[in-house]
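FYI, it's all coordinate maths here, none of it is from the lab. Fair warning: this is a prediction, and the values are worked out from it, not measured in the lab. Here Cβ is always computed from backbone atoms with ideal geometry, including for glycine, and neighbour counts include all displayed protein chains.
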Amino acid sequence: MIKPGLRLIPPWPGYHSPETRVFRRVALSSGFHGTVNRKMQDHTAISPFRRGWNAVTYRFMLIVLLVLALFVVGGCATTSADLKKNPDPWEKYNRKVFKFNTTLDDHVVKPVTRAYQAITPDFVEKGVANLFSNLFDVSNSLNNLLQGKPKTAGNDAARFVINSTLGVLGLFDVASKTGLTKHQEDFGQTLAVWGMHSGPYLMLPFIGPSTLRDAPGLAVDYYTYPLAYVNHDLTRIELTALYYLDQRSYLLYAEDAIGTEFYDRYAVLRDAYLQRRAILVADGKGLDQESDDDELINELESMDE
C-alpha cells in the first residue's frame with residue numbers, strides 16, 4: 001500500500017526511460033513508490049543558486065560574444081589614422097545624448113548629491129568611498145591577470161583581503177599604508193591590451209562618456225563586481241544607488257574646484273575622457289602629460305579668439 005499524502009506525480013527526469021521501469025515495479029510492489037519518487041525529485045532538483053549561476057553564465061557568454069563581434073566591427077569600421085583626425089565621428093548624436101544627461105543631472109542627480117553631501121559627515125563619505133573602492137579591487141585583480149600582469153593582480157588581490165579584514169569590510173584603506181598600490185583597471189583596458197582600438201567616442205544615456213570599445217566592457221565589469229551577486233534585490237539596488245551617489249559626489253567636488261564654465265563643456269569632457277583613458281591603458285607610461293596639457297590649452301585659446 002502506498003503511503004497516504006505522498007505525491008506520485010510529477011515524475012522525476014527519466015521517469016519513462018526503460019532503465020527505470022524495473023525500478024518502478026520494485027518500488028510499487030514494496031509500497032514505497034511515493035517515498036522514492038519524492039526523494040528522487042529532491043535529489044534531481046536544481047537549487048536556486050545553481051539556477052542563478054547558470055543564468056549569470058549564460059548572460060556572460062552572450063556579452064563575450066557581443067564584445068568579440070564589436071571587436072571585429074570596430075576594427076573594420078574605423079582605423080587608428082581616422083580616429084586621430086576625428087575621434088568623434090558621431091558628434092551630432094553624442095551632443096544630443098550629452099544634453100539629455102546634463103538636463104537630468106542638473107535637475108535630479110546633482111540636487112540629490114548636494115543633499116547627500118550636506119547631511120553626511122565627511123568621515124562617513126570617506127568610509128563609503130573606501131568600501132566601494134575595495135570591492136573594485138576584485139575586478140582590478142581579474143583584469144590585471146587577463147592583461148598578463150600577475151604581480152599587479154596579486155597586489156590587488158592582497159589589497160582586497162587586507163582591507164576586507166583589517167579594514168572592516170573596506171571602510172578603512174589599511175592596504176595603502178602597507179605599501180600596496182591602488183590600481184584602476186577595467187575590461188575596456190583589457191581589450192586595449194589585447195589590441196583592440198578604442199573606436200569612436202560614444203556618449204551613453206545615463207552613464208556618460210565612453211567609446212565603442214569601452215561600452216561593452218561595462219557589461220563585463222558588472223559581472224566581476226561583487227554587488228552583482230547580492231541575492232536580495234532591494235539591497236542590491238540600494239547599494240548600487242549609493243555607489244553612483246558616491247561617484248557623483250566625488251565628481252561634484254572636482255567640478256566645484258575647477259568650475260564648469262567652459263568654452264564648450266561637451267568638447268572639454270570628451271577630450272579629458274579620451275586623454276584619461278589613454279593614460280590608464282598605458283599605465284601612465286610613454287605619455288607626455290605636459291605636452292598633452294599644452295595642446296589642450298592651445299586648443300581652448302584658439303576657440304576663444
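Extension gain, I237 to K99: 0.36 nm times the residue separation minus the Cα-Cα distance gives 47.1 nm. Each principal axis of the Cα cloud of the stretch 91-240 was evaluated for its coordinate range; sorted largest first, these ranges are 48, 46, 30 Å. Taking a sphere under 13 Å around the Cβ of Y253 and counting the other residues whose Cβ falls inside, with K and R at +1 and D and E at -1, yields a net charge of -1.
Normalised by residue number, the volume inside the convex hull of the Cα atoms of the stretch 99-177 is 111 Å³ per residue. Estimated at 0.36 nm per residue, the fully extended path between L227 and T120 surpasses their Cα-Cα distance by 36.3 nm.
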